[in-house]
1. Can you name the residue in the range 147-163 that is closer than 22 Å to ALA44 by Cα and out of contact with any helix residue (DSSP H, G or I) (no Cβ under 6 Å at 6 or more places or on another chain) and, of all such residues, is surrounded by the most Cβ atoms within 10 Å (Cβ to Cβ)?
2. Please specify each residue of the range 165-194 satisfying the condition of being within 18 Å of LYS97 (Cα to Cα) and touching a helix residue (DSSP H, G or I) at 6+ places or on another chain (Cβ under 6 Å).
3. Based on what the data block shows, is LEU35 open to solvent by less than 80 Å² (accessible area, probe 1.4 Å), touching a helix residue (DSSP H, G or I) at 6+ places or on another chain (Cβ under 7 Å), modelled with pLDDT under 95 and assigned to a helix (DSSP H, G or I)?
4. Are any residues in the range 107-165 of a type in the set (Asp, Glu) and in a helix (DSSP H, G or I), and if so, which ones?
5. ILE171: in contact with a Phe, Trp or Tyr (Cβ under 7 Å, 6 or more places away or on another chain) and open to solvent by less than 40 Å² (accessible area, probe 1.4 Å), yes or no?
6. For the range 51-70: of the residues being touching a Phe, Trp or Tyr at 6+ places or on another chain (Cβ under 8 Å) and in a loop (DSSP other than H, G, I, E, B), which is modelled with the highest pLDDT?
7. What's the total number of residues in the range 85-109 that are open to solvent by 70 Å² or more (accessible area, probe 1.4 Å) and modelled with pLDDT under 95?
Amino acid sequence: MVIALTFTALTGGCAVNPVSSQSSVNHQPAAERDLLADAARDVADAPWPKPEPVSFVSRMTAGAIDDGFSKSDAAEVYASTLQPVGERFSRLESDAKSNLKAAERLLGVAESAVMAPRLTGNDVAIVEGAIQTLRENRQIYVSAAHQIEKLGERVDDDRLDAIREAYNNAIRDLGEAADGLADRLDRDLSENYASPAPRPLINNLSGV
């Protein structure tokens, strides 16, 4: 599946302008990158404040013991805001499923981007960043479920295990997609830098 922007011009049967066609081709990589970034942004959209640990330097400068806003803090805040009372876990489950659907959409875009006209290292980094976000979200959802139990509400262990497993699968699939993008980028770089004639210096440096 190849993601591309298709521009249809109603020109009354006139021939397509070559300059316009070239412009559309030039804009394809940027459009695809926007799709990738937008999909990753949806994955990062979470119903809790973003954890922001204090750096070692900041902690030493402040002269105080401060761990910042941790993932545990995020889970606790999130669990306490879930409503209605008595249905907190069901709401958590719904939020997790929405996040996983966003990950599924990102997977589709990432798999399509392998066939894009041009890739950059930033494309790979976007997917890798989303994978890290999913790892963090998995941890927070599981921790929030335990917080819900502490609030006296029942949490279905099988359903919680299903959420955890779904995250594991999403992380695995996106990891494979990131590998595919990285492989494609490596091939592109190899082709771009390939020399039409043997170059002894390069061969010597490569150890061949």
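The values are calculated or read from the model by the stated rules, or taken from the named source; none is laboratory data. The structure presented is a predicted model; accordingly, all values stated were derived computationally and were not measured. We place every Cβ from the backbone using ideal geometry, glycine too, and count neighbours over all the protein chains shown. Ligands, DNA and RNA are excluded from the accessible area calculation, which covers all protein heavy atoms including side chains. Shrake-Rupley method; radii C 1.70, N 1.55, O 1.52, S 1.80 Å.
1. ALA162
2. Step one: list which residues in the range 165-194 are within 18 Å of LYS97 (Cα to Cα), which gives 165-174.
ALA166, TYR167, ALA170, ILE171, ASP173, LEU174, listed by residue number.
3. Yes, satisfied.
4. Going through the range 107-165, the residues of a type in the set (Asp, Glu) turn out to be 111, 123, 128, 136, 149, 153, 156-158, 161, 165.
Selection gives GLU111, ASP123, GLU128, GLU136, GLU149, ASP157, ASP158, ASP161, GLU165.
5. Details: in contact with a Phe, Trp or Tyr (Cβ under 7 Å, 6 or more places away or on another chain): no; open to solvent by less than 40 Å² (accessible area, probe 1.4 Å): yes.
So ILE171 fails the test.
6. Filtering the range 51-70 down to residues touching a Phe, Trp or Tyr at 6+ places or on another chain (Cβ under 8 Å) leaves 51-53.
If we keep only those that are in a loop (DSSP other than H, G, I, E, B) too, we end up with 51, 53.
Numbers: PRO51: 85, PRO53: 64.
My answer is PRO51.
7. Of the residues in that region, 1 qualify.
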